[in-house]
Amino acid sequence: MKRRGNGRRMSAVQDVSGWIPKTKIGQKVKSGKITSIEEIFSLGKPILEEQIVDFLLPDLEYEVLEIRNTQRMTDCGRKMTFRVVVLIGDKKGYVGIGAGKSEEVRPAVESAVKEAKRNIVSVKGGCGSWECACGGKHSIPFKTRGKVGSVIVELKPGPRGLGLVANEVVKKVLELAGIKDVMSSSRGQTGNVYNTALAAITALDNMNHVKKISS
């Protein structure tokens with residue numbers, strides 16, 4: 001059985017005062033040698049400690065997208081496990097997704113939040129719509145798409161005031177990324193919440209790596 005999240009957004013940042021970094025990147029972050037997450041992205045290094053994100057992005061929020069429970073038979077009887085999908089973002093250009101499993105919901109959520117932090121990506125804001133020449137960052141600079149499994153999400157720049165023309169899951173991704181005006185289309189098994197959200201994030205992340213896709 002599965003159910004969607006309740007739509008509430010909560011702070012995703014944990015106290016890092018007692019954090020003892022285990023990686024070189026983490027040590028540089030805590031010592032102040034690295035002061036922005038963009039510096040880490042420019043190095044091409046993975047984020048292996050979620051505390052790095054807590055340290056550099058203090059305004060992160062998370063929202064539970066889906067809770068799914070499954071039962072399996074063990075020698076002691078039926079055992080229930082929860083799988084939770086969580087989306088994080090600061091509405092200022094950063095977004096991530098994670099999934100966690102546990103015998104209880106809360107530990108599953110905590111695990112998913114930690115994974116989402118390690119998977120966080122930078123979102124390039126802009127205004128590439130011919131209907132709007134404001135030069136702002138309320139939309140995206142050009143058309144992009146992302147594919148995960150059978151799900152394909154395509155995003156196009158929108159004029160200021162358009163809003164987010166997207167399905168529920170893609171809209172939540174865009175909201176937490178800080179994007180306000182986008183036209184989108186989704187196809188494939190969009191009932192798969194994780195793949196749909198990840199495809200949207202992949203589309204956003206692709207703007208950091210690929211050139212403009214012609215219409």
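The values are calculated or read from the model by the stated rules, or taken from the named source; none is laboratory data. Quantities reported herein were computed from a predicted structural model and do not represent experimental measurements. Here the Cβ is made from the backbone with ideal geometry for all residues, glycine too, and neighbour counts use every protein chain on show. In case anyone asks, the SASA skips ligands and DNA or RNA and just uses the protein heavy atoms, side chains included. Shrake-Rupley method; radii C 1.70, N 1.55, O 1.52, S 1.80 Å.
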**OP:** Compare Gly191, Gly26, Gly126 in a GNM of the chain, Cα atoms joined below 10 Å, and give the one with the largest fluctuation.
**Re:** Gly191
Original post:
In a shell of Cβ-Cβ distance under 15 Å around Glu104, excluding Glu104 itself, what net charge do Lys and Arg (+1) and Asp and Glu (-1) give?
Top reply: +3
Subject >> Carbon plus sulfur fraction of accessible area for the chain, probe 1.4 Å, in percent >> reply: 50
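Compute the Kirkwood hydrodynamic radius of region 22-99, taking the inverse of the mean of 1/r over all pairs of distinct Cα atoms, and give it in Å to one decimal.
Taking every pair of different Cα atoms in region 22-99, averaging 1/r and inverting gives 15.0 Å.
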Subject >> For Gly178, distant residues with modelled amide H under 5 Å away >> reply: Lys91, Gly93
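In terms of the Cα gyration tensor, with a ≥ b ≥ c the square roots of its eigenvalues, is region 119-194 rounded because a/c is under 1.5, prolate because a/b exceeds b/c, or oblate?
On the way: a/c = 2.02, a/b = 1.76, b/c = 1.14.
Judged from the Cα gyration tensor, region 119-194 comes out prolate (a/c at least 1.5, a/b above b/c).
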Original post:
By a straight-distance test (C-alpha under 12 Å), which aspartates and glutamates pair with Lys147 as possible cross-link partners, with residues fewer than eight away in the same chain excluded?
Top reply: Asp205
**OP:** Lys and Arg at +1, Asp and Glu at -1: add these up for the other residues within a Cβ distance under 11 Å of Thr23 and post the number.
**Re:** +4
**OP:** For Lys24, go through the lysines and keep the ones whose alpha-carbon is under 30 Å away, minus same-chain ones fewer than eight residues off.
**Re:** Lys33, Lys45, Lys91, Lys92, Lys101, Lys114, Lys117, Lys124
Subject >> J(HN,Hα) series, region 30-40, from Karplus relation 6.51 cos²θ - 1.76 cosθ + 1.60, nearest Hz, glycine and proline x >> reply: 5, 7, x, 6, 10, 10, 9, 5, 5, 5, 5
**OP:** Calculate, axis by axis, the spread of Cα positions in the chain along the three principal axes, and write the results as whole Å, longest axis first.
**Re:** 63, 44, 27
Subject >> Residue of Ser17, Ser184, Ser122 that the Gaussian network model of the chain assigns the largest fluctuation, springs spanning Cα pairs under 10 Å >> reply: Ser17
